[in-house]
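Working notes, structure below.
The values are calculated or read from the model by the stated rules, or taken from the named source; none is laboratory data. None of the values given here were measured: they were computed from a predicted structure. Neighbour counts run over all protein chains shown; Cβ positions are idealised from the backbone, glycine included.
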Amino acid sequence: MHIDTARIDEKIRKLEQIKKLAADPEMAELLLELVTKNGDKPRISTKIEGNGKRTKGEFMETVEKLCLTFPSRFTVNDVVIGLQNGGYTFTAHNPSVATYSALRRLTKHHVISLLEKGRRGKPAKFIVSKAHTSN
């Protein structure tokens with residue numbers, strides 16, 4: 001049996017080009033927008049389970065799992081809506097504040113990165129950190 005190593009080398013070369021593009025956060029976002037359906041954000045298919053009182057760690061884990069599903073940049077509101085669509089019921093008085101706090105902690109743990117700091121009328125934008133994009 002003959003193995004065509006030239007084809008393998010060509011695929012490796014192309015994958016290395018994609019890897020270089022993915023190393024740049026802006027190019028990675030563009031690449032993901034092209035790969036996903038018209039830039040749509042994925043719907044969360046897993047229901048968030050829990051009865052009774054939840055801990056901060058459980059909320060952090062839930063937010064982290066959701067963030068890792070976003071194909072490109074996302075905002076606090078994207079995460080809140082994703083959690084609600086996934087069946088999560090917030091116990092916090094203000095879901096946006098609780099979610100923003102969780103995103104800041106995930107930023108400190110290098111799970112996600114802050115792309116643009118939020119300003120009045122313009123929300124902060126986050127993206128999954130490079131180390132977590134392959135998970």
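Data overview
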| item | result |
| --- | --- |
| Pair list, Cβ under 7 Å, 6 or more apart: the stretch 58-79 residue farther than 17 Å from N94 by Cα, other residue β-branched (V, I, T) and in a helix (DSSP H, G or I) | L66/V79; C67/V79 |
| Checking I127 against (1) under 30 Å from I18 (Cα atoms); (2) modelled with pLDDT under 90, the condition it does not meet | (2) |
| Residue within the stretch 91-102 that is of a type in the set (V, I, T), more than 15 Å from the chain's Cα centre (by Cα) and either within 18 Å of G57 (Cβ to Cβ) or loosely packed, with under 14 Cβ neighbours inside 10 Å (or both) present | yes |
